[in-house]
Amino acid sequence: MAEMKQVLVPDIGDYKGVSVIEVMVKVGDTINEEDTLLTLETDKAAMDVPSPYSGIVKELHVEIGDKVSRGSLILVMECSDAQPAAAQAAPESVAAPVAASAPVAVAAQTVQTVVSSGKAHASPAIRRFARELGADIAQIKGSGEKGRVTKEDVQNFIKAALAQPRGAAGGNGLQVLDMPVFDFAKFGTIETRPLSRIQKISGANLHRNWVTIPHVTQFDEADITDMEAFRKQLGAEYAKQNIKITPLAFMLKAVVAALQKFPKFNASLDGDNLILKQYFHIGVAVDTPDGLMVPVLRDVDKKGIVQLATELAEISAKAREKKITANDMQGGCFTISSLGGIGGTAFTPIINAPEVAILGVSRSAMKPVYQDGVFVPRLMLPLSVSYDHRVIDGAAAARFTAYLAQVLSDIRRLAL
Ligand code: CAO
(Lines give C-alpha, C1' and ligand atoms only; values in the text may rest on other atoms or scores of the structure.)
Protein backbone atom coordinates (compact mmCIF):
# COMPACT_ATOMS: atom_id res chain seq x y z
CA MET A 1 0.00 0.00 0.00
CA ALA A 2 1.20 3.52 -0.82
CA GLU A 3 2.69 5.43 2.08
CA MET A 4 3.86 9.07 2.28
CA LYS A 5 7.40 9.40 3.59
CA GLN A 6 9.47 12.44 4.43
CA VAL A 7 13.06 12.46 3.22
CA LEU A 8 15.36 14.54 5.42
CA VAL A 9 18.96 15.67 5.11
CA PRO A 10 20.99 12.81 6.56
CA ASP A 11 24.02 12.86 8.82
CA ILE A 12 26.52 15.20 7.18
CA GLY A 13 28.96 15.37 10.03
CA ASP A 14 29.38 18.65 11.88
CA TYR A 15 28.25 20.79 8.95
CA LYS A 16 25.36 23.19 9.43
CA GLY A 17 23.73 25.61 6.99
CA VAL A 18 25.18 23.78 3.98
CA SER A 19 24.37 25.11 0.48
CA VAL A 20 22.18 23.15 -1.90
CA ILE A 21 24.01 23.44 -5.21
CA GLU A 22 22.13 20.94 -7.33
CA VAL A 23 18.59 19.54 -7.18
CA MET A 24 18.27 16.46 -9.34
CA VAL A 25 14.55 15.77 -8.96
CA LYS A 26 11.23 17.54 -9.35
CA VAL A 27 7.65 16.88 -8.25
CA GLY A 28 6.18 13.97 -10.16
CA ASP A 29 9.53 12.23 -10.79
CA THR A 30 9.67 8.49 -10.18
CA ILE A 31 12.93 7.69 -8.48
CA ASN A 32 14.75 4.62 -7.30
CA GLU A 33 16.43 4.02 -4.02
CA GLU A 34 20.01 5.39 -4.17
CA ASP A 35 19.23 7.87 -6.96
CA THR A 36 20.82 11.22 -6.20
CA LEU A 37 18.30 13.75 -4.93
CA LEU A 38 20.55 16.74 -4.44
CA THR A 39 24.14 17.85 -4.03
CA LEU A 40 25.32 19.83 -1.04
CA GLU A 41 28.47 21.87 -0.83
CA THR A 42 30.39 23.06 2.19
CA ASP A 43 33.55 25.13 1.96
CA LYS A 44 35.48 21.85 1.94
CA ALA A 45 33.30 19.20 0.39
CA ALA A 46 30.65 18.47 -2.22
CA MET A 47 28.38 15.54 -1.46
CA ASP A 48 25.45 13.81 -3.03
CA VAL A 49 22.36 12.92 -1.04
CA PRO A 50 20.89 9.64 -2.28
CA SER A 51 17.25 8.65 -1.94
CA PRO A 52 16.58 6.18 0.85
CA TYR A 53 13.40 4.95 -0.91
CA SER A 54 11.89 4.22 -4.27
CA GLY A 55 8.75 6.14 -5.11
CA ILE A 56 7.16 9.27 -6.59
CA VAL A 57 8.14 12.78 -5.48
CA LYS A 58 4.99 14.50 -4.18
CA GLU A 59 6.43 17.65 -2.58
CA LEU A 60 9.82 19.28 -2.98
CA HIS A 61 10.98 21.50 -0.12
CA VAL A 62 14.43 22.64 -1.26
CA GLU A 63 15.86 24.63 -4.12
CA ILE A 64 19.30 25.64 -5.29
CA GLY A 65 20.84 28.15 -2.92
CA ASP A 66 18.95 26.95 0.19
CA LYS A 67 20.96 26.31 3.34
CA VAL A 68 20.23 22.98 4.99
CA SER A 69 21.44 20.99 7.99
CA ARG A 70 20.92 17.47 9.27
CA GLY A 71 17.18 16.83 9.53
CA SER A 72 16.04 19.55 7.06
CA LEU A 73 13.08 18.37 5.01
CA ILE A 74 14.07 17.66 1.41
CA LEU A 75 10.91 16.18 -0.03
CA VAL A 76 7.86 14.03 0.56
CA MET A 77 7.63 10.83 -1.40
CA GLU A 78 4.88 8.33 -2.08
CA CYS A 79 6.33 4.87 -1.57
CA SER A 80 4.48 1.73 -2.49
CA ASP A 81 7.05 -0.92 -1.63
CA ALA A 82 8.38 -2.16 1.64
CA GLN A 83 10.85 0.13 3.29
CA PRO A 84 14.44 -0.65 2.22
CA ALA A 85 17.13 -1.76 4.60
CA ALA A 86 19.07 1.49 4.49
CA ALA A 87 16.06 3.51 5.50
CA GLN A 88 15.11 1.07 8.21
CA ALA A 89 18.56 1.37 9.70
CA ALA A 90 18.45 5.17 9.73
CA PRO A 91 17.06 7.07 12.71
CA GLU A 92 13.38 7.78 12.29
CA SER A 93 13.75 11.49 11.66
CA VAL A 94 16.75 11.20 9.35
CA ALA A 95 16.97 9.25 6.08
CA ALA A 96 19.96 7.24 4.87
CA PRO A 97 23.37 8.92 5.26
CA VAL A 98 25.24 10.51 2.35
CA ALA A 99 27.24 7.36 1.88
CA ALA A 100 26.39 4.02 3.36
CA SER A 101 29.36 3.66 5.68
CA ALA A 102 31.51 6.77 6.06
CA PRO A 103 29.59 9.75 4.80
CA VAL A 104 31.99 12.61 5.37
CA ALA A 105 35.08 10.66 4.36
CA VAL A 106 33.44 9.62 1.10
CA ALA A 107 32.21 13.14 0.48
CA ALA A 108 35.74 14.48 1.02
CA GLN A 109 37.06 11.96 -1.49
CA THR A 110 34.49 13.20 -3.95
CA VAL A 111 35.70 16.73 -3.50
CA GLN A 112 39.25 15.66 -4.18
CA THR A 113 38.06 14.27 -7.49
CA VAL A 114 36.29 17.49 -8.34
CA VAL A 115 39.30 19.63 -7.52
CA SER A 116 41.89 17.38 -9.16
CA SER A 117 40.27 17.60 -12.59
CA GLY A 118 41.21 21.28 -12.60
CA LYS A 119 38.98 21.93 -15.64
CA ALA A 120 35.29 21.52 -14.95
CA HIS A 121 33.51 22.54 -11.78
CA ALA A 122 30.73 20.03 -11.27
CA SER A 123 29.18 18.02 -8.49
CA PRO A 124 29.70 14.26 -8.30
CA ALA A 125 26.12 13.66 -9.40
CA ILE A 126 26.54 15.85 -12.47
CA ARG A 127 29.82 14.13 -13.28
CA ARG A 128 28.11 10.77 -13.04
CA PHE A 129 25.19 12.02 -15.14
CA ALA A 130 27.62 13.27 -17.82
CA ARG A 131 29.56 10.02 -17.68
CA GLU A 132 26.41 7.95 -18.15
CA LEU A 133 25.57 9.94 -21.27
CA GLY A 134 29.11 9.62 -22.59
CA ALA A 135 29.82 13.36 -22.32
CA ASP A 136 33.26 14.65 -21.38
CA ILE A 137 32.59 17.01 -18.46
CA ALA A 138 35.79 18.93 -19.23
CA GLN A 139 34.25 20.08 -22.52
CA ILE A 140 31.05 21.40 -20.97
CA LYS A 141 30.78 25.09 -20.20
CA GLY A 142 29.12 25.65 -16.85
CA SER A 143 26.30 28.18 -16.50
CA GLY A 144 25.74 27.69 -12.79
CA GLU A 145 27.11 29.63 -9.85
CA LYS A 146 30.90 30.19 -10.18
CA GLY A 147 30.79 28.49 -13.59
CA ARG A 148 29.46 25.24 -12.18
CA VAL A 149 28.25 22.67 -14.73
CA THR A 150 24.55 21.99 -14.17
CA LYS A 151 22.33 19.15 -15.31
CA GLU A 152 20.88 21.45 -17.99
CA ASP A 153 24.39 22.23 -19.23
CA VAL A 154 25.04 18.50 -19.71
CA GLN A 155 21.68 18.03 -21.45
CA ASN A 156 22.30 21.01 -23.74
CA PHE A 157 25.79 19.71 -24.54
CA ILE A 158 24.39 16.32 -25.55
CA LYS A 159 21.58 17.93 -27.59
CA ALA A 160 24.10 20.12 -29.42
CA ALA A 161 26.32 17.10 -30.13
CA LEU A 162 23.37 15.13 -31.51
CA ALA A 163 22.26 18.07 -33.64
CA GLN A 164 25.63 18.30 -35.39
CA PRO A 165 25.69 16.99 -38.96
CA ARG A 166 27.18 13.57 -39.48
CA GLY A 167 30.10 12.97 -41.83
CA ALA A 168 33.39 14.66 -42.51
CA ALA A 169 32.11 18.20 -42.14
CA GLY A 170 30.46 17.66 -38.77
CA GLY A 171 31.95 17.43 -35.30
CA ASN A 172 33.15 13.91 -34.84
CA GLY A 173 33.03 13.90 -31.01
CA LEU A 174 36.14 11.74 -30.73
CA GLN A 175 36.99 11.33 -27.09
CA VAL A 176 40.63 10.39 -27.08
CA LEU A 177 43.45 11.08 -24.69
CA ASP A 178 45.78 13.95 -25.45
CA MET A 179 49.13 12.77 -26.76
CA PRO A 180 51.61 12.88 -23.89
CA VAL A 181 54.44 15.41 -24.19
CA PHE A 182 57.81 13.69 -24.55
CA ASP A 183 61.23 15.06 -23.82
CA PHE A 184 63.09 13.26 -26.64
CA ALA A 185 66.38 15.01 -25.78
CA LYS A 186 66.45 12.99 -22.57
CA PHE A 187 67.27 9.88 -24.61
CA GLY A 188 69.82 11.26 -27.09
CA THR A 189 70.74 14.08 -29.44
CA ILE A 190 67.87 15.50 -31.49
CA GLU A 191 67.26 18.11 -34.19
CA THR A 192 63.96 20.01 -34.39
CA ARG A 193 62.63 20.80 -37.88
CA PRO A 194 59.35 22.67 -38.32
CA LEU A 195 56.81 21.00 -40.61
CA SER A 196 56.38 22.68 -44.00
CA ARG A 197 53.15 24.54 -44.72
CA ILE A 198 52.15 21.78 -47.14
CA GLN A 199 52.83 19.08 -44.58
CA LYS A 200 50.68 20.88 -42.03
CA ILE A 201 47.79 21.34 -44.44
CA SER A 202 47.92 17.86 -45.96
CA GLY A 203 48.50 16.28 -42.53
CA ALA A 204 45.34 17.87 -41.12
CA ASN A 205 43.32 16.74 -44.15
CA LEU A 206 44.71 13.21 -44.06
CA HIS A 207 43.96 12.98 -40.35
CA ARG A 208 40.36 14.12 -40.81
CA ASN A 209 39.81 11.72 -43.71
CA TRP A 210 41.40 8.82 -41.85
CA VAL A 211 39.26 9.22 -38.73
CA THR A 212 35.94 10.21 -40.30
CA ILE A 213 35.71 7.89 -43.31
CA PRO A 214 35.22 4.14 -42.75
CA HIS A 215 37.99 2.89 -45.04
CA VAL A 216 38.34 -0.60 -46.47
CA THR A 217 41.11 -1.50 -48.91
CA GLN A 218 40.64 -4.04 -51.68
CA PHE A 219 43.75 -5.63 -53.23
CA ASP A 220 44.19 -7.16 -56.66
CA GLU A 221 46.81 -7.70 -59.35
CA ALA A 222 46.78 -6.75 -63.02
CA ASP A 223 48.76 -8.63 -65.62
CA ILE A 224 50.41 -5.68 -67.42
CA THR A 225 52.84 -7.71 -69.56
CA ASP A 226 51.20 -6.61 -72.81
CA MET A 227 50.59 -3.08 -71.60
CA GLU A 228 54.27 -2.71 -70.75
CA ALA A 229 55.35 -3.98 -74.15
CA PHE A 230 53.11 -1.40 -75.80
CA ARG A 231 54.22 1.35 -73.39
CA LYS A 232 57.88 0.68 -74.23
CA GLN A 233 57.14 0.78 -77.93
CA LEU A 234 55.23 4.03 -77.52
CA GLY A 235 57.96 5.40 -75.22
CA ALA A 236 60.61 4.80 -77.89
CA GLU A 237 58.47 6.61 -80.47
CA TYR A 238 57.89 9.66 -78.29
CA ALA A 239 61.34 9.83 -76.72
CA LYS A 240 62.54 12.13 -79.49
CA GLN A 241 59.79 14.58 -78.56
CA ASN A 242 60.93 14.34 -74.97
CA ILE A 243 57.65 12.83 -73.83
CA LYS A 244 57.98 10.14 -71.19
CA ILE A 245 55.18 7.58 -71.35
CA THR A 246 54.93 6.15 -67.83
CA PRO A 247 52.53 3.42 -66.65
CA LEU A 248 50.54 6.10 -64.87
CA ALA A 249 49.15 7.50 -68.12
CA PHE A 250 47.61 4.08 -68.84
CA MET A 251 46.29 3.84 -65.31
CA LEU A 252 44.53 7.19 -65.68
CA LYS A 253 42.64 5.87 -68.71
CA ALA A 254 41.91 2.51 -67.07
CA VAL A 255 40.56 4.23 -63.95
CA VAL A 256 38.19 6.31 -66.04
CA ALA A 257 36.93 3.17 -67.80
CA ALA A 258 36.23 1.64 -64.37
CA LEU A 259 34.55 4.83 -63.08
CA GLN A 260 32.30 4.84 -66.13
CA LYS A 261 31.30 1.25 -65.46
CA PHE A 262 30.88 1.81 -61.69
CA PRO A 263 29.52 5.37 -61.27
CA LYS A 264 29.31 5.12 -57.46
CA PHE A 265 33.10 5.42 -57.39
CA ASN A 266 32.83 8.76 -59.17
CA ALA A 267 30.70 10.29 -56.43
CA SER A 268 30.68 12.33 -53.24
CA LEU A 269 28.50 12.15 -50.16
CA ASP A 270 26.42 15.24 -49.43
CA GLY A 271 24.43 14.62 -46.26
CA ASP A 272 21.88 11.97 -47.20
CA ASN A 273 22.52 12.41 -50.94
CA LEU A 274 25.08 10.89 -53.24
CA ILE A 275 26.37 13.30 -55.87
CA LEU A 276 27.22 11.36 -59.02
CA LYS A 277 29.62 13.23 -61.29
CA GLN A 278 29.47 13.05 -65.03
CA TYR A 279 32.95 14.45 -65.52
CA PHE A 280 36.23 12.63 -64.95
CA HIS A 281 38.87 14.74 -63.24
CA ILE A 282 41.56 12.54 -61.69
CA GLY A 283 43.95 13.62 -58.93
CA VAL A 284 47.50 12.29 -58.87
CA ALA A 285 49.50 12.22 -55.63
CA VAL A 286 52.88 13.84 -56.22
CA ASP A 287 55.76 13.49 -53.82
CA THR A 288 57.51 16.88 -53.49
CA PRO A 289 60.39 17.93 -51.23
CA ASP A 290 57.87 19.98 -49.20
CA GLY A 291 55.31 17.20 -48.88
CA LEU A 292 52.45 15.52 -50.65
CA MET A 293 50.41 17.45 -53.26
CA VAL A 294 47.50 16.22 -55.36
CA PRO A 295 47.12 18.13 -58.64
CA VAL A 296 44.10 17.23 -60.75
CA LEU A 297 44.10 16.25 -64.44
CA ARG A 298 40.85 17.43 -66.04
CA ASP A 299 38.58 15.52 -68.41
CA VAL A 300 40.76 12.43 -68.54
CA ASP A 301 38.04 10.65 -70.53
CA LYS A 302 38.54 13.08 -73.41
CA LYS A 303 42.33 12.77 -73.61
CA GLY A 304 44.69 10.20 -75.11
CA ILE A 305 47.63 8.44 -73.44
CA VAL A 306 50.27 10.73 -74.96
CA GLN A 307 48.47 13.92 -73.94
CA LEU A 308 47.97 12.56 -70.43
CA ALA A 309 51.64 11.59 -70.15
CA THR A 310 52.59 15.13 -71.21
CA GLU A 311 50.18 16.78 -68.76
CA LEU A 312 51.30 14.47 -65.99
CA ALA A 313 54.94 15.47 -66.46
CA GLU A 314 53.98 19.16 -66.56
CA ILE A 315 51.74 19.12 -63.50
CA SER A 316 54.13 17.07 -61.36
CA ALA A 317 57.01 19.39 -62.34
CA LYS A 318 54.81 22.36 -61.44
CA ALA A 319 54.06 20.79 -58.04
CA ARG A 320 57.73 20.12 -57.33
CA GLU A 321 58.65 23.69 -58.34
CA LYS A 322 55.96 25.07 -56.01
CA LYS A 323 54.17 26.69 -58.94
CA ILE A 324 50.94 24.82 -58.46
CA THR A 325 47.79 26.83 -57.70
CA ALA A 326 44.82 25.97 -55.47
CA ASN A 327 42.75 25.69 -58.65
CA ASP A 328 45.10 22.98 -59.99
CA MET A 329 44.20 20.87 -56.96
CA GLN A 330 40.42 21.26 -56.97
CA GLY A 331 37.53 19.35 -58.45
CA GLY A 332 39.01 15.85 -58.40
CA CYS A 333 36.67 12.84 -58.65
CA PHE A 334 39.12 10.05 -57.77
CA THR A 335 42.82 9.94 -56.90
CA ILE A 336 45.71 7.72 -57.97
CA SER A 337 48.66 7.38 -55.65
CA SER A 338 51.47 5.61 -57.42
CA LEU A 339 54.46 4.36 -55.49
CA GLY A 340 55.33 2.01 -58.34
CA GLY A 341 58.42 4.00 -59.30
CA ILE A 342 59.75 3.51 -55.77
CA GLY A 343 58.75 0.01 -54.66
CA GLY A 344 56.44 -1.94 -52.39
CA THR A 345 53.94 -4.74 -52.87
CA ALA A 346 50.76 -3.08 -51.49
CA PHE A 347 49.62 -0.25 -49.25
CA THR A 348 46.43 1.28 -47.89
CA PRO A 349 45.95 4.78 -49.35
CA ILE A 350 43.80 7.30 -47.47
CA ILE A 351 40.73 8.53 -49.35
CA ASN A 352 41.02 12.11 -50.56
CA ALA A 353 37.65 13.49 -49.34
CA PRO A 354 35.15 14.43 -50.66
CA GLU A 355 36.06 11.64 -53.07
CA VAL A 356 34.93 8.14 -52.07
CA ALA A 357 37.76 5.98 -53.40
CA ILE A 358 41.46 6.06 -54.22
CA LEU A 359 43.76 3.73 -56.15
CA GLY A 360 47.18 2.87 -54.73
CA VAL A 361 49.65 1.42 -57.22
CA SER A 362 52.73 -0.50 -56.12
CA ARG A 363 55.71 -1.79 -58.07
CA SER A 364 55.09 -4.31 -60.81
CA ALA A 365 57.11 -7.53 -60.68
CA MET A 366 57.59 -10.62 -62.82
CA LYS A 367 55.71 -13.56 -61.32
CA PRO A 368 54.95 -17.12 -62.36
CA VAL A 369 51.29 -17.25 -63.40
CA TYR A 370 49.55 -20.58 -64.01
CA GLN A 371 48.03 -20.52 -67.50
CA ASP A 372 46.76 -23.47 -69.55
CA GLY A 373 48.53 -26.03 -67.38
CA VAL A 374 51.91 -24.29 -67.18
CA PHE A 375 53.51 -21.48 -65.23
CA VAL A 376 54.39 -18.53 -67.43
CA PRO A 377 56.32 -15.39 -66.43
CA ARG A 378 54.00 -12.38 -66.36
CA LEU A 379 54.48 -8.80 -65.20
CA MET A 380 52.02 -8.30 -62.37
CA LEU A 381 50.97 -4.89 -61.05
CA PRO A 382 49.64 -4.67 -57.47
CA LEU A 383 46.51 -2.53 -57.03
CA SER A 384 45.10 -1.30 -53.71
CA VAL A 385 41.72 0.41 -53.82
CA SER A 386 40.59 2.11 -50.60
CA TYR A 387 36.91 2.98 -50.56
CA ASP A 388 34.36 4.69 -48.35
CA HIS A 389 32.24 1.84 -47.02
CA ARG A 390 29.30 4.18 -46.40
CA VAL A 391 28.96 4.54 -50.16
CA ILE A 392 30.55 1.43 -51.63
CA ASP A 393 29.89 -2.19 -50.69
CA GLY A 394 32.69 -4.73 -50.55
CA ALA A 395 31.29 -6.66 -53.53
CA ALA A 396 31.21 -3.49 -55.66
CA ALA A 397 34.78 -2.70 -54.62
CA ALA A 398 35.92 -6.19 -55.59
CA ARG A 399 34.17 -5.84 -59.00
CA PHE A 400 35.61 -2.37 -59.58
CA THR A 401 39.15 -3.49 -58.77
CA ALA A 402 38.85 -6.70 -60.79
CA TYR A 403 37.54 -4.70 -63.75
CA LEU A 404 40.41 -2.24 -63.42
CA ALA A 405 42.85 -5.15 -63.45
CA GLN A 406 41.07 -6.60 -66.49
CA VAL A 407 41.33 -3.33 -68.43
CA LEU A 408 45.01 -2.94 -67.58
CA SER A 409 45.61 -6.56 -68.58
CA ASP A 410 44.04 -5.96 -71.97
CA ILE A 411 44.23 -2.28 -72.86
CA ARG A 412 42.31 -2.87 -76.09
CA ARG A 413 39.30 -2.60 -73.76
CA LEU A 414 40.05 1.10 -73.39
CA ALA A 415 38.86 1.53 -76.94
CA LEU A 416 35.47 -0.06 -76.22
N1 CAO B 1 55.89 -0.59 -61.36
C2 CAO B 1 57.16 -0.59 -61.83
N3 CAO B 1 57.76 0.50 -62.32
C4 CAO B 1 57.05 1.66 -62.33
C5 CAO B 1 55.75 1.72 -61.90
C6 CAO B 1 55.16 0.54 -61.40
N7 CAO B 1 53.91 0.52 -60.94
N8 CAO B 1 55.32 2.99 -62.02
C9 CAO B 1 56.33 3.68 -62.52
N10 CAO B 1 57.37 2.89 -62.73
C11 CAO B 1 58.66 3.25 -63.26
C12 CAO B 1 58.51 4.19 -64.44
O13 CAO B 1 58.28 3.48 -65.61
C14 CAO B 1 59.85 4.87 -64.41
O15 CAO B 1 60.81 3.99 -64.94
P16 CAO B 1 61.93 4.51 -66.01
O17 CAO B 1 62.55 5.73 -65.38
O18 CAO B 1 62.85 3.36 -66.12
O19 CAO B 1 61.17 4.80 -67.23
C20 CAO B 1 60.13 5.00 -62.94
O21 CAO B 1 59.34 4.01 -62.30
C22 CAO B 1 59.83 6.34 -62.34
O23 CAO B 1 58.55 6.77 -62.73
P24 CAO B 1 58.11 8.27 -62.38
O25 CAO B 1 58.00 8.43 -60.92
O26 CAO B 1 59.02 9.21 -63.08
O27 CAO B 1 56.74 8.42 -63.08
P28 CAO B 1 55.32 7.94 -62.66
O29 CAO B 1 54.43 8.33 -63.76
O30 CAO B 1 55.29 6.54 -62.27
O31 CAO B 1 54.94 8.79 -61.35
C32 CAO B 1 54.48 10.63 -59.95
C33 CAO B 1 54.77 10.17 -61.38
C34 CAO B 1 54.32 12.11 -59.94
C35 CAO B 1 53.20 9.98 -59.46
C36 CAO B 1 55.61 10.15 -59.04
O37 CAO B 1 56.80 10.76 -59.42
C38 CAO B 1 55.37 10.38 -57.59
O39 CAO B 1 55.49 11.49 -57.06
N40 CAO B 1 55.04 9.30 -56.87
C41 CAO B 1 54.83 9.35 -55.43
C42 CAO B 1 53.37 9.50 -55.10
C43 CAO B 1 53.20 9.43 -53.61
O44 CAO B 1 53.97 9.95 -52.83
N45 CAO B 1 52.16 8.71 -53.18
C46 CAO B 1 51.94 8.47 -51.80
C47 CAO B 1 50.82 9.27 -51.35
S48 CAO B 1 50.36 8.85 -49.73
O49 CAO B 1 51.59 9.35 -48.88
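Assorted remarks:
- Cα point-scatterer Debye curve for region 1-85, base-10 log of I(q)/I(0) at q = 0.16, 0.18 Å⁻¹: -0.56, -0.70
- In the context of the full set of protein chains, residues of region 215-415 present 48 Å² of accessible surface per residue (probe radius 1.4 Å, heavy atoms only).
- Cleavage-rule hits, GluC sites (Glu not before Pro), region 307-416, DSSP coil, Cβ neighbours within 10 Å at most 10: Glu321
- Check: the chain dipole with +1 on Lys, Arg Cβ and -1 on Asp, Glu Cβ, in debye: 2200 debye
- Where GluC sites (Glu not before Pro) fall in DSSP loop in region 179-266, at most 14 other Cβ within 10 Å: Glu191
- Rounded to the nearest 20 debye, dipole of region 1-85 from Cβ charges on Lys, Arg, Asp, Glu: 260 debye
- With 0.36 nm allotted per residue and the present C-alpha distance subtracted, the Asp226-Lys67 stretch has 48.4 nm of extension available.
- Residue among Gln330, Ala239, Val181 farthest towards the positive dipole end of the chain, charges placed on Cβ: Ala239
- Globularity index of the chain, i.e. its alpha-carbon radius of gyration over 2.2 N^0.38 Å: 1.53
- Computed lengthening from Glu3 to Trp210, 0.36 nm per intervening residue step minus Cα-Cα distance: 68.7 nm
- Near Leu274, once Lys and Arg are set to +1 and Asp and Glu to -1 for all other residues with Cβ below 11 Å from its Cβ, the sum equals 0.
- The fraction of accessible area contributed by carbon and sulfur in region 215-415 is 53 percent, rounded to a whole number (1.4 Å probe; ligands and nucleic acids excluded).
- Within straight-line reach of Lys244, meaning a Cα separation under 18 Å, sit the following lysines at least 8 residues removed in sequence or on another chain: Lys232, Lys253, Lys303, Lys318.
- Helices in the chain, meaning DSSP H runs of at least 4 residues, each add -39500 (n - 2.57). Divided by all residues, the mean residue ellipticity at 222 nm is -9000 deg cm²/dmol.
- Along the chain, longest interval not containing exposed chymotrypsin sites (Phe, Trp or Tyr not before Pro), exposed being DSSP loop plus at most 13 other Cβ atoms within 10 Å: 1-181
The values are calculated or read from the model by the stated rules, or taken from the named source; none is laboratory data. Source: prediction; values computed, not measured. Please note: Cβ atoms are built from the backbone with ideal geometry, for glycine as well, and neighbour counts cover all protein chains shown. The accessibility values were calculated without ligands, DNA or RNA, using every heavy atom of the protein model including side chains. Shrake-Rupley method; radii C 1.70, N 1.55, O 1.52, S 1.80 Å.
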